[in-house]
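The values are calculated or read from the model by the stated rules, or taken from the named source; none is laboratory data. All of these numbers come straight from a predicted model, not from anything done at the bench. Positions of Cβ are backbone-derived with ideal geometry, glycine not excepted, and every protein chain shown enters the neighbour counts. What goes into the accessible areas is simple: the full protein's heavy atoms, side chains included, and nothing from ligands, DNA or RNA. Shrake-Rupley method; radii C 1.70, N 1.55, O 1.52, S 1.80 Å.
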Amino acid sequence: MRRAGLVGGLFAVAVLGVVYACGGDDPVVGSSSGDAGGSSSSSSSSGSSSSSSSSSSSGGDAALPDGGGDAAPSFDPASLGGRLVLWLKAEAQYVQADGGVRWRDQSPAKNDAVQADPARVPALSAADAGVGGHAAVRFTGQEYLQIADHASLRWAQADFAIYAVVRHFNVPPSYAIIYAKWTDVSPFPGIFLWANYPGTPADGYVTRLDTARVVSSDGGQNDGKARVVGAWKAGSRFELRIDGAKVGEIPDAGGYDPVGFDAVGRPVFLGGRPELVQMLDGDVAEIVGVKGALSVAEIGNIEAYLKTRHGL
């Protein structure tokens, strides 16, 4: 099989805390209540960016109106077909395996997130303690997951979007990885979603392509409120989007190192990294990743689906 990491059959174990029941026969996980590439070169408030090219909040064919659009309740990310390369739902197939955990990817790519070390396994919060009546994976600053490298997760030459339903409690100067795949050599090219980030409004959200291409939100977002946070690259435009609205952009984000960006052989990290730095204190209920061009309507559908499903 192409996946490295956890293999073998699933087996039942005793779990502390509340057990969240999901479909299937596999045991679910019980519930519980260094810099990844340097710091930003500059910062500003909502709608801000740091880039080797000029930035603005001007429109363009790739830009959605602030606030996004409404999607039919029946929209299903599976309708994106082969462009859907990551779809992690906390209530679906977050199962124990070989002493660790496997969060099974619902996309055709089957990019499962795993953790083999029991000490680093995030708990699964039950629906009533999760987000909008749905379960959430709970990170407490000590846990992380990783996804083995695969061509479907290398986005340097493609349009892409990555979204997470997340809430965080990290207190500056602490900052945390939500989703990251990068080469750990300056200028640290790769795709990041962060909660907090040095040199920006420190208690907001940030996305980055390298240290010269950073987009940040306003601060005040480590308030325990769940949000739909996403990064969308369409052509040369790179946007940070929160709850269906564009909060910052780089109109011309080209020029980053594509080889470093793809980071062949290096996994995706969720919630932190093995060095136990940039560790998330918060909850992740769902992640959707798309490789390939998306229309404005499709972006609106993804955002509205996540907001509606999680009551945001």
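Before moving on, here are some points about what is shown:
- Take the conditions (1) within 23 Å of R104 (Cα to Cα); (2) at pLDDT 95 or above; W194 misses just one of them, which is (2).
- Some residue of segment 212-223 being among the small types (G, A, S) and in contact with a Leu (Cβ under 8 Å, 6 or more places away or on another chain): yes
- Whenever a residue of segment 289-310 is more than 22 Å from A129 (Cα to Cα), its partners that are of a type in the set (D, E) and in a helix (DSSP H, G or I), lying with C-beta atoms within less than 9 angstrom and at least six residues away or across chains, give the pairs V290/E298.
- Residue ID - surrounded by the most Cβ atoms within 10 Å (Cβ to Cβ), chosen from residues in segment 112-126 that are among the aliphatic types (A, V, I, L, M) and out of contact with any strand residue (DSSP E or B) (no Cβ under 6 Å at 6 or more places or on another chain): A126
- Any hit, segment 152-167, residues being more than 20 Å from Y256 (Cβ to Cβ), open to solvent by 10 Å² or more (accessible area, probe 1.4 Å), within 17 Å of the chain's Cα centre (by Cα) and at pLDDT 90 or above: yes
- Residues that are open to solvent by 10 Å² or more (accessible area, probe 1.4 Å), in a loop (DSSP other than H, G, I, E, B) and farther than 20 Å from T308 by Cβ, drawn from segment 92-109: Q93, D98, G99, R104, P108, A109
- Filtered residues of segment 168-192 (kept if in a loop (DSSP other than H, G, I, E, B) and within 12 Å of V206 (Cα to Cα)): Y175
- Unmet criterion (only one of (1) open to solvent by less than 10 Å² (accessible area, probe 1.4 Å); (2) more than 20 Å from V290 (Cβ to Cβ); (3) at pLDDT 95 or above) for G141: (1)
- Scanning segment 193-227 for residues that are among the hydroxyl-bearing types (S, T, Y), over 17 Å from the mean Cα position of the chain (by Cα) and either in a strand (DSSP E or B) or surrounded by fewer than 21 Cβ atoms within 10 Å (Cβ to Cβ) (or both) yields a single hit, T211.
- Residue, nearest to D159 (Cα to Cα), within segment 90-138, restricted to residues that are of a type in the set (D, E, K, R) and modelled with pLDDT under 95: E91
- Looking only at segment 233-246, and only at residues there that are crowded, with 24+ Cβ neighbours inside 10 Å and among the hydrophobic types (A, V, I, L, M, F, W, C), the one that is farthest from R154 (Cα to Cα): L240
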